Amino acid sequence: MTVRMEKHVTNAKTMRFIPFITAGDPTDEATVALALMLQSLGADALELGIPYSDPLADGPVIQEASQRALRHGENLNQAMRLVEEMRTQGLDLPVIIFTYANVLLQFGLDRFFEEAVSHEVDGLLVPDLPYEESRSLADQCAEHKISLISLVAPTTSDERLKRICDHAQGFLYCVSSLGVTGMRKTFHPDVYPFLERVKQVAQLPVAVGFGISSRDQVAELEHYADGFIVGSAIVAEVGRRAEQLADSSTRTAAIREIKLTLDQHLLPERVNHKPLASNEYE
Amino acid sequence: MVRQAQAESKYRTDENGRFAAFGGQYVPETLMHAVLELEKGFKDAISDSSFLREYRRILHDYSGRPTPLSYCERLSKTLGGAQIFLKREDLNHTGAHKINNAVGQALLARRMGKKQIIAETGAGQHGVASATVAAYFGLPCKVFMGAVDVKRQALNVFRMKLLGAEVIPVHSGNGTLKDAVNEVLRYWAAHSDDTAYIDGSVVGPHPYPMIVRDFQRIIGDEAREQCLKQTGSLPDAAVACVGGGSNAIGLFTAFLDDPVSLYGAEAAGKGVTTGEHAATLTKGTVGIIHGMKTYLLQDAYGQIKAPYSISAGLDYPGVGPEHAYLSESGRVDYKAITDNEAVAALLELSELEGILPALESAHGLALAFKVAKTMRREQKVIVCLSGRGDKDVKTIMHVLANHEKRGERL
């Protein structure tokens, strides 16, 4: 684990806010600016999605973000350079690369780890590598101090849950609902017993993702989890302003709007108690 | 089903459904429960003789199995070389081999207590087969189909609706077969408690390549027995077309341990150097798609490329992981056949034997013709005629008209 991951996520005491954005959506410049805005909004880690033509775990909102990024040729190589640029511009959060297995395979694992270390990447999440398929990758991650983030779902059996938790790194990603990523108004009632089941075996912070789009949902989760991951709800705001974000003369205003929207509708006031670094998006 | 023979073969899969380096379960955690439950349900069913009896009975009473092994006398004489035999999967109910697998998986769905069937389809053949068995078993059926394919295959969409199925157009990605597979897997992840996914080919996460193979191997098991009975000996070669590769695996499995040369025909489209083809084993590289590790058409960054073939059933960017293994191990020889070669073979079979094959099957035929020509008169080649060509009449009309206009020969 990196010091960043340990400090901001694993050993943090407050409810962790982990936003997701797609690299290159709609442009590389916008992605860097969005990352810095999310930091100023109080994010505790950043999940950076690598666009993929066939994203099996994603719903329509993130599929469309992938398409927007792929249209101008975004790829893993470029996305890693974005992390470097984010660091240069002052991003101090742990960065988790979210990528489908095929993208990683074609890039080459040795090359990935070499660049991940040099660009100060802190975590890796491969949604289509379940426990059984990820053992050797987990070893390589450990060797490079990169946390391989594991997912568990309501349908994960107790026996699998135990096995996954025993090998998890960084934090545990709990999928709140079956199916794909995307915004849902409410949680399925089964999610609470599921989270209780996870909390009993997890030795790491438990963060909940899939379907989180409102302040009320986050408030509910605070009783059951240590963190929350928001993807589609942010990506939808990005998609709605793709043109303004792509244009350098309107980008700052668009990002300010997104920040305001997230602040008012998504984040519980408690997350915002952290002193906000003043920057151009205020 | 001859499970014992399979267990002794050196070509069998390992316990985790891997074919050496290929196959696997590259799926999100949300799907793991569904694939594990299915694996357990299938292993339990396939070792139950009453399940197998019921599967065979339905294929006999409802689909008309066994399908004949037809000797093509005029065709063989005209070509010169080996004698050509056709395994007539086109004579199945619904006109293709797809029904073998659909019956097996629907029966399994019922046994596992599932209340609904979902399936993906490209050209619509597997969708029609799934809609058919859903009607037969009285289960509701949703067929996921790329929005582009829905437009291209309007007749099959209507057929599925006539059979009571709901056709769901998929707009994500390119709106074709690969996107329909993604979408059906996404839907299944959310509904596997009461829903069975009927995978149409030997692709997808384990256990699907194994399940579909075991429900399709009846093709080769029958053909082997028929060949021995009708001619007194095994064939010298067996040939089938390969998209995902279910009819080919169905034919090959029975012959893997025999001294029989095996050939798979994949779609070269407009030519393997044009970029417009579906020749996955000839031109693809190893990667992961739809939950399996296999050969696929992709760019340097792992984005999946859109395949092309005149035959919608071969228009798939991946290939079954067992084919990837059989190719690497050298047991099966895979060759690419162009659109034009397939159409020429289709015309030849129609004129000489009165059998109109599907464009998919015509790729297998074209390769078989090439192979047969290099062989002696007393040798025998079996070709899997996986489906009938009625569905392709419009496409063929179009191709022939274009060639005539340009004054070209095929």
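The values are calculated or read from the model by the stated rules, or taken from the named source; none is laboratory data. All values reported here derive from a predicted model rather than from experimental measurement. As a convention, Cβ positions derive from the backbone with ideal geometry for all residues, glycine included, and neighbour counts pool all protein chains shown. Heavy atoms of the whole protein, side chains included, go into the accessibility calculation; ligands, DNA and RNA do not. Shrake-Rupley method; radii C 1.70, N 1.55, O 1.52, S 1.80 Å.
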Can you tell me the FRET efficiency between B:His60 and B:Gln230 if r is taken as the Cβ-Cβ distance and R0 is 30 Å, rounded to the nearest 0.05? 0.95
Could you list the trypsin sites (Lys or Arg not before Pro) in segment A:156-188 that lie in coil according to DSSP, counting only those with at most 14 other Cβ atoms within 10 Å of their Cβ? A:Lys185
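Which value results for Rg/Rh of segment B:177-238 when Rg is the Cα radius of gyration and Rh the Kirkwood radius based on the inverse mean 1/r?
Computed over Cα atoms, the ratio is 1.22.
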Expressed in square angstrom to the nearest 10, the accessible area of A:Thr14 with a 1.4 Å probe stands at 50
Segment B:67-192, relative contact order in percent, only Cα pairs under 8 angstrom and at least six apart counted: 19
Of all DSSP beta bridges having both residues in segment B:39-171, the percent classed as antiparallel (nearest 5) is 25
Take the solvent-accessible surface of the protein heavy atoms, probe 1.4 Å, and return the percent of it on segment B:112-189 that carbon and sulfur atoms account for. 60
Can you tell me the order of A:59-69, B:343-353, B:244-254 when each peptide is scored by its average per-residue count of other Cβ atoms within 10 angstrom, highest first? B:244-254, A:59-69, B:343-353
Tell me the chymotrypsin sites (Phe, Trp or Tyr not before Pro) within segment B:302-410 that lie in a loop according to DSSP and have at most 15 other beta-carbon atoms within 10 Å. none
Reach of B:Lys305 by Cα under 27 Å, taken over lysines that are not fewer than 8 positions away in the same chain: B:Lys98, B:Lys142, B:Lys151, B:Lys178, B:Lys270, B:Lys283, B:Lys293, B:Lys335, B:Lys391, B:Lys394
Give me the net charge of B:Arg377's neighbourhood, meaning all other residues with Cβ under 12 Å from the Cβ of B:Arg377; Lys, Arg count +1, Asp, Glu -1. +2
Evaluate the relative contact order of segment B:122-186 (contact order divided by residue number), counting alpha-carbon pairs under 8 angstrom at least 6 apart; express in whole percent. 39
Cβ charges +1 (Lys, Arg) and -1 (Asp, Glu), total dipole of segment B:1-115, debye: 340
Let a ≥ b ≥ c be the square roots of the eigenvalues of the Cα gyration tensor of the protein assembly as shown; is it rounded (a/c under 1.5), or, if not, prolate (a/b larger than b/c) or oblate? prolate
Sorted by chain and then number, the residues having a modelled amide H within less than 5 Å of the amide H of A:Ser213, at least 5 places away or on another chain, are A:Arg184
Among DSSP beta bridges lying fully in the protein assembly as shown, give the percent that are antiparallel, nearest 5. 20
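Quickly estimate the mean residue ellipticity at 222 nm for the protein assembly as shown, helices only: each DSSP H run with n ≥ 4 gives -39500 (n - 2.57), and the total goes over all residues, rounded to 500. Before the final figure, lay out each step's value.
Numbers: 29 runs with 308 residues, N = 692.
Using -39500 (n - 2.57) per qualifying helix, the result is -13500 deg cm²/dmol.
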Output the residues of segment B:278-318 meeting this criterion: accessible area (heavy atoms, 1.4 Å probe) in the chain alone minus accessible area with all protein chains in place is 50 Å² or greater. B:Ile288, B:Tyr301, B:Gln303
Given R₀ = 35 Å, what would the calculated FRET efficiency be for B:Asp258 paired with B:Glu37, taking r from the Cβ atoms and rounding to 0.05? 0.50
Distance between the C-alpha centers of segment B:302-363 and segment B:173-252? Whole Å please. 14
Using Cα pairs closer than 8 Å and at least 6 residues apart in sequence, work out the relative contact order for chain B, in percent. 20
Peptide-level mean, for A:173-180, of C-beta atoms on other protein chains within 10 Å: 5
Once all protein chains are kept in place, A:Val3 shows an accessible area at probe 1.4 Å, nearest 10 Å², of 110
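Mind giving me the FRET efficiency for B:Phe137 and A:Arg111? R0 is 60 Å, r the Cβ-Cβ distance, nearest 0.05 is fine.
0.75
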Tell me the per residue accessible area of segment A:91-203 using a 1.4 Å probe; a whole number in Å² is fine. 39
Given H placed 1.01 Å from N in the peptide plane, which residues other than close sequence neighbours of B:Tyr197 have an amide H under 5 Å from its amide H? B:Ile118
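Would you mind telling me the antiparallel percentage of the DSSP bridges in chain B, rounded to 5?
If I count the DSSP bridges inside chain B, around 25 percent turn out antiparallel.
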So A:Glu243 and A:Arg256, fully extended at 0.36 nm per residue minus their Cα-Cα distance, gain in nm 3.2 nm
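Going from most exposed to least, what order do A:Lys145, B:Lys380 have by accessible area with a 1.4 Å probe?
Ranked list, largest accessible area first: A:Lys145, B:Lys380.
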